[in-house]
1. Across the stretch 91-99, in residue order, what do the Karplus-derived ³J(HN,Hα) couplings come to in whole Hz, using 6.51 cos²θ - 1.76 cosθ + 1.60 with θ = phi - 60° and x for Gly and Pro?
2. Report the label-to-label distance for E157 and D120 in nanometres (one decimal), using points 7 Å from each Cα along the Cα→Cβ vector.
3. When the helix-only estimate is applied to the chain (DSSP H runs of n ≥ 4, each -39,500 (n - 2.57), divided by the residue count), what is the mean residue ellipticity at 222 nm, nearest 500 deg cm²/dmol?
4. Would you mind checking the pairs K25/K90; K155/K192; K35/K82 and listing those with alpha carbons more than 20 angstrom apart?
5. May I ask you to list the GluC sites (Glu not before Pro) in the stretch 150-185 that are in a DSSP loop and have at most 14 other Cβ atoms within 10 Å of their Cβ?
6. If you filter the stretch 1-74 for trypsin sites (Lys or Arg not before Pro), then keep DSSP loop positions with at most 12 other Cβ within 10 Å, what is left?
7. Can you find, among M191, G42, Y58, the residue sitting farthest towards the positive end of the charge dipole of the chain, where Lys and Arg contribute +1 and Asp and Glu -1 at Cβ?
8. Keeping every protein chain present and rolling a 1.4 Å probe, give me the accessible area per residue for the chain in Å².
Amino acid sequence: MNCNYVAFEGIDGSGKSSIIEQLSKILDKNKIENKIVREPGGTKVGEGIRDLLLSHDYNVSSLTEALLFCAQRSQLVNELIKPSIQSGIKILSDRSAYSSVAYQGVGRELGYEKIYQLNDIAVGGFWPEKVVLLDIDPLVSLDRQKVADRIGGDKIEFFQNIREGYLRLSEEFSENFLVLNAEKSLEENLMKICNWFGIDET
Ligand code: TYD
């Protein structure tokens with residue numbers, strides 16, 4: 001596999017989790033040690049912050065939301081991601097700082113550049129090397145969602161803007177992004193991912 005830290009991105013209901021699980025199994029078969037992490041969360045501090053972020057019990061302002069995402073991410077990168085990579089483990093991350101640029105920067109209108117910079121500080125410049133973006137029309141993806149959390153339950157326009165934010169990121173960082181149509185089958189997308197990473201899929 002040609003990189004150590006991969007993020008899977010997309011709007012709610014784009015099917016990231018299933019693809020990550022399948023990819024992890026393929027890596028296991030190829031004897032490539034790997035770990036799945038999720039954001040927000042992944043550490044004890046991060047799981048506490050996750051509850052503050054996603055529960056319907058709290059009224060969280062947009063800037064507070066952006067800062068809480070940064071806080072859990074800073075902890076995750078330093079406590080788990082960097083040490084794992086140093087010991088030779090590949091990280092498959094369900095979301096990353098790119099989620100914040102799309103959701104908080106564009107979706108919440110805090111500013112694409114500003115949220116990029118804020119996250120750059122939070123992760124100390126340690127961004128995922130590669131990003132798989134599962135692109136999908138929110139009208140389709142939101143239908144797939146089972147139970148919506150505080151952020152995932154927002155209105156359709158919010159997700160349309162987030163999708164635009166992601167596409168902007170994929171253009172700006174085109175050499176690091178693989179953009180997939182999330183309406184295609186899991187098998188087809190998995191094959192494209194394996195090809196991109198130079199992994200034997202069988
Ligand atoms: P989660 O249950 O992990 O949903 P998903 O399976 O869609 O990833 O909840 C994460 C929610 O938080 C989701 O609505 C996206 C949102 N989010 C942000 O708004 N900014 C971020 O930086 C991250 C990591 C997630």
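1. Rounded to whole hertz, the list is 9, 10, 9, 7, 5, 6, 4, 5, 4.
2. 3.1
3. So the calculated ellipticity at 222 nm is -14000 deg cm²/dmol.
4. K155/K192, as the Cα separations exceed 20 Å there.
5. Counting only loop positions with at most 14 other Cβ atoms within 10 Å, the GluC sites (Glu not before Pro) in the stretch 150-185 are E175, E183.
6. Answer by residue number: K31.
7. Value computed over the given set: G42.
8. Using a 1.4 Å probe on heavy atoms only, each residue of the chain averages 47 Å².
The values are calculated or read from the model by the stated rules, or taken from the named source; none is laboratory data. Note that the structure is a prediction, hence the values are computed from the model and not measured. Reconstructed Cβ throughout: ideal geometry from the backbone, glycine too, with neighbour counts over all protein chains shown. Ligands, DNA and RNA are stripped out before the accessible areas are found, and what is left, the full protein with its side chains, is counted by its heavy atoms. Shrake-Rupley method; radii C 1.70, N 1.55, O 1.52, S 1.80 Å.
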